[in-house]
Structures are given as C-alpha cells and as structure tokens.
Amino acid sequence: MKKLLLFVIVLGAAAALAGWFLSAPTRLDENTVANLGPGDPVNGELVFWASGCSSCHAAPEAKGDDKLKLGGGLRLETPFGVFVAPNVSQDPNDGIGNWSVADLANAMTHGTSPDGQNYYPAFPYASYARMDLADINDLFSFMKTLPAVGGDAGPNELAFPFNIRRGVGLWKRMFLDPAPVVAAPVGGEDVDPAIWERGRYLVEGPGHCGECHTPRDFVGGLILSDWLGGAPAATGEGRVPNITPVSGGFGSWSASDIAYYLESGFTPDYDSVGGEMVPVQENMARLQASDREAIGVYLKAIPAVSGAAQ
C-alpha cells in the first residue's frame, strides 16, 4: 500500500512538473525582431483597420478620431467569464506606451505579455499568429502616433480555474498554430493564386474572421473542420452566420458582392449591415479596394460547410 501511495505521489509530481513546463509562455527569437528595421506607419494604419484594433479597444460606439483612442474597457461576456479589453493606448502607465516592437510581436504571435504571462485568447492571437512580422512592425509604428489615454480598463472577471493564466499555456499548445487553415483554393481553376492568398492572409490572420464565424469546442478552441461555417455568438445570444460558399444566403453572393458589402455595408438585396458586424465593415471599408476583392475571392474558394457544430 505504501509503495502504491508513493508511486501515485511521484506520478502526480511528474505530471505537475510536465504541465508546468508545457504551459510556460513562449517568445519569438530576439534576433528575428531585431532585424526588422524601421516600420512603415502608412501600411501600419491599414494593418490597424484590418486587425480591428479599435473594435475592442476604443470606447463602444466610438466614431471618427475617437476610434483611435484605445483606452479599452469593452466587456466581453463569455461562458468562461467576463474579459475586459485592456488599455492599449500610448499611455506609459495604463497602456502600452513603454512597449517595444518585440513586446507587441510576442503579444500578437505568441500570446505572451512583456512580463512573461500568458494572455487569454479573448485577445485573438491564435489568428494574429499567422501575420507577417513586417506588418506587426508597421502596426507598431502607426500605434506610436496615436494618443495616450489614461485609466486602467479594469480586471477580467473569471472564476476558478479560468483565472489561472498559466493554464492557458496548455491551451496554446493545442490551438496556437501559424499555419494557414485552408491550404489551397477550392472549387475552381480560374482563381488567381496571388489574389486568393492575399485574401487568405487577411481573413485568417489580421481580420481574425474565424474567431467569430467558426464554432468552438468545449475548451474554446476553433473546430477547423467547420472553418467559417457559422457559430453560436461567443458573447450574448444569437448565431454568427456561415460565410462559406454553401447554397443560398451568403453562399450565393459573388466575390464582387462580398467586396461591395465590405465597402458600403449593403448586401446584394440592399439590406444594410447590422449588429456586431457594423464596426467590422467600417474597418474593412478603410482598406484598399484590392484587399476587399481578395477577401471575396478567398471566401468563394474555400470548402463549403453545411452542418457546422451548433
């Protein structure tokens, strides 16, 4: 009996040690970031809007220049608890004014804070991990031009065990993957690969469309076999629509219809954008027309999903 008890204790200690090791936050190689050079704030502004930074970090219903005041505070009510979008303005105390480009890159691609903690994936770094470091460098340059906003946005409101950040490291081991979700265009030989790949980059990376339009499993990981096939709303009630090329509804839209919707907010039936898609569309309207067209081309040439998880 004593030997069995000792074995259980040793096994438990080994499991705890393995869990501690596997959950450790990870970072980019320092030389990778050091070799980036100066960023381009003009492209960085486009990356800012494509990434939807203001949608979470500006004040709700912010308009005009107020969208550039990133004081945070948006409350995201989820089955895991309430996540509060932090202050990411240039305030050196309450925001990220003291961050380096390496700090931003590690946050966006590895979900790791400057002080070595795991960020919760309410911050969509699982998508941002697919971004080019050059774009993150440009984004950093643009964000340095934005105003400082004082005030701490407040803490997350999470119960045990979700309040243990270290455990997020195990989640990242399972779901943080910089590889593309869709390897190649589907359903047509007339697709321009370069345009499709640009659309893939925007949708799967900075646009983080899958974070809302793809269903999740019981631990909050995206079910990639149902990529963009629609999902229960992560916050509140309702359902986020299927945006794959299925028959009827969104699937009947052309690539040009999608591009026009992202530019104008009007559907082919002259209905207008609504709900949580409003700020997304407003962000996409600031992109170059070729980027909106590329998004349309990508969405028309991915696997159709007809029975996504409910």
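The values are calculated or read from the model by the stated rules, or taken from the named source; none is laboratory data. Predicted model only: the values in this text are computed from it and were never measured. We place every Cβ from the backbone using ideal geometry, glycine too, and count neighbours over all the protein chains shown. Areas reflect the complete protein model, heavy atoms only, side chains present, ligands, DNA and RNA absent. Shrake-Rupley method; radii C 1.70, N 1.55, O 1.52, S 1.80 Å.
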#### Entry: Among the candidates Lys3, Lys69, residue that is at pLDDT below 90, at negative phi, basic (Lys, Arg) and open to solvent by 70 Å² or more (accessible area, probe 1.4 Å)
Lys3
### Query
Got a number for residues in the stretch 242-271 being surrounded by fewer than 12 Cβ atoms within 10 Å (Cβ to Cβ), more than 18 Å from Ala301 (Cβ to Cβ) and hydroxyl-bearing (Ser, Thr, Tyr)?
1
### Query
Is the stretch 81-99 home to any residue that is touching a residue at least 12 places away in the same chain (Cβ under 8 Å) and either part of a helix (DSSP H, G or I) or not assigned by TED's automatic domain parsing to the domain that holds Leu170 (or both)?
no
### Query
Considering only the stretch 119-149, how many residues are under 16 Å from Ala85 (Cβ atoms) and assigned to a loop (DSSP other than H, G, I, E, B)?
8
### Message
Looking at the stretch 284-310 only, could you name the residues that are over 13 Å from Val203 (Cβ atoms) and open to solvent by less than 20 Å² (accessible area, probe 1.4 Å)?
### Response
Val305, Ala308
### Query
Residue check: is Gly229 open to solvent by less than 30 Å² (accessible area, probe 1.4 Å), assigned to a helix (DSSP H, G or I) and not hydrophobic (A, V, I, L, M, F, W, C)?
no
### Task
Please specify each residue of the stretch 205-228 satisfying the condition of being within 12 Å of Leu299 (Cβ to Cβ) and touching a helix residue (DSSP H, G or I) at 6+ places or on another chain (Cβ under 8 Å).
Gly207, Cys209, Gly210, Trp227, Leu228
### Conditions (1) out of contact with any helix residue (DSSP H, G or I) (no Cβ under 9 Å at 6 or more places or on another chain); (2) over 26 Å from Arg166 (Cβ atoms); (3) at pLDDT below 95; (4) surrounded by 10 or more Cβ atoms within 10 Å (Cβ to Cβ): number failed by Ala62
(1)
### Query
Only one of Arg166, Arg200, Arg239 is open to solvent by 30 Å² or more (accessible area, probe 1.4 Å), charged (D, E, K, R) and closer than 17 Å to Ala129 by Cβ; which?
Arg200
### Query
What number goes with the only condition from (1) closer than 16 Å to Ala129 by Cα; (2) of a type in the set (Asp, Glu); (3) surrounded by 15 or more Cβ atoms within 10 Å (Cβ to Cβ) that Asp177 does not pass?
(3)
